[in-house]
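The values are calculated or read from the model by the stated rules, or taken from the named source; none is laboratory data. On a predicted model such as this, the values are computed, not experimentally measured, just so you know. Don't worry about glycine lacking a Cβ; one is built from the backbone with ideal geometry, like all the others, and counts go over all protein chains shown.
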Amino acid sequence: MSVLVDWQIQELAEDGLVEPFDCRHINPSSLDVHVGGEAIVTRLDDYGIPRERTIDLTSYTEEHPFLIEPNEFFLSCLKEKITLPTNVASEFKLVSSTARQGWNHLHASWADNGYGGVLTLELVNVNRYSDLPLWAGMRIGQLIFNRTEEPRKDYSKTGRYHGDRTVQKSKGNK
């Protein structure tokens, strides 16, 4: 397995690896990605009962963001749709500036060969003292692409999240 570098990422992106694609988001060995238009947030209501709701992040901006409270867990999706070739897998990592603010991404960050769709992120505000801002289009992390051997069955044939177009809750363990 080998990590792809800038020119390899660009070649694959021009062939449909990521949409929308902007070459300014390519780093030496990763691709910057952004928060998509929806998030699923669970908060306690006035009676202390957890209530889940889907948030339309497109109505929030950098100047007027949705605020994620300390220790709050939520799901969000990427703006970018990825279509991995059968010989490429991908891993999501927070960009360091985002992590330094207090964001934490849980370790479900791997996309197998052949995956196609919009990735869901599992995020937590681990900053104990302040809310963190969130809005559609915010640079949140980067994808690292790994070239691999061809699997016998790729994720497009075996994966439950293949083809997702927006944020997804757990589909359970099977």
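Could you say whether any residue in segment 149-166 is modelled with pLDDT of 90 or more, of a type in the set (Val, Ile, Thr) and at negative phi? No, segment 149-166 has no match at all. Please enumerate the residues belonging to segment 113-139 that are under 11 Å from Cys77 (Cα atoms) and in a loop (DSSP other than H, G, I, E, B). Matches in segment 113-139: Ala136, Gly137. Scanning segment 81-106 for residues that are part of a strand (DSSP E or B) and in contact with a Gly (Cβ under 8 Å, 6 or more places away or on another chain) turns up Lys81, Ile82, Thr83, Phe92, Lys93, Leu94, His105. Per the listing Glu122, Glu63, the residue uniquely of a type outside the set (Ser, Thr, Tyr) and surrounded by 15 or more Cβ atoms within 10 Å (Cβ to Cβ) is Glu122.
Just to be sure before I move on: is His107 touching a residue at least 12 places away in the same chain (Cβ under 8 Å) and more than 18 Å from Val35 (Cβ to Cβ) in the structure I sent? Step through it out loud before you land on a result.
Details: touching a residue at least 12 places away in the same chain (Cβ under 8 Å): no; more than 18 Å from Val35 (Cβ to Cβ): yes.
No; evaluated as a whole, the condition is false for this residue.
For segment 33-44, the condition of being assigned to a loop (DSSP other than H, G, I, E, B) and more than 15 Å from Arg139 (Cβ to Cβ) holds for none of the residues.
Which of the residues belonging to segment 68-77 are surrounded by 13 or more Cβ atoms within 10 Å (Cβ to Cβ) and either farther than 19 Å from Leu106 by Cβ or of a type outside the set (Gly, Ala, Ser) (or both)? Working first, answer last.
Looking only at segment 68-77, we keep the residues that are surrounded by 13 or more Cβ atoms within 10 Å (Cβ to Cβ), and these are 68-70, 72-77.
Passing the criteria: Ile68, Glu69, Pro70, Glu72, Phe73, Phe74, Leu75, Cys77.
You will find that of Glu69, Glu80, Glu63, the residue that is more than 21 Å from His162 (Cα to Cα) and touching a residue at least 24 places away in the same chain (Cβ under 8 Å) is Glu69 and no other.
One residue is enough: does segment 90-98 have a residue meeting the conditions out of contact with any helix residue (DSSP H, G or I) (no Cβ under 8 Å at 6 or more places or on another chain), of a type in the set (Phe, Trp, Tyr), more than 14 Å from Pro133 (Cα to Cα) and in contact (Cβ under 8 Å) with a residue 40 or more places away in the chain? Yes; the residues of segment 90-98 include at least one that is out of contact with any helix residue (DSSP H, G or I) (no Cβ under 8 Å at 6 or more places or on another chain), of a type in the set (Phe, Trp, Tyr), more than 14 Å from Pro133 (Cα to Cα) and in contact (Cβ under 8 Å) with a residue 40 or more places away in the chain.
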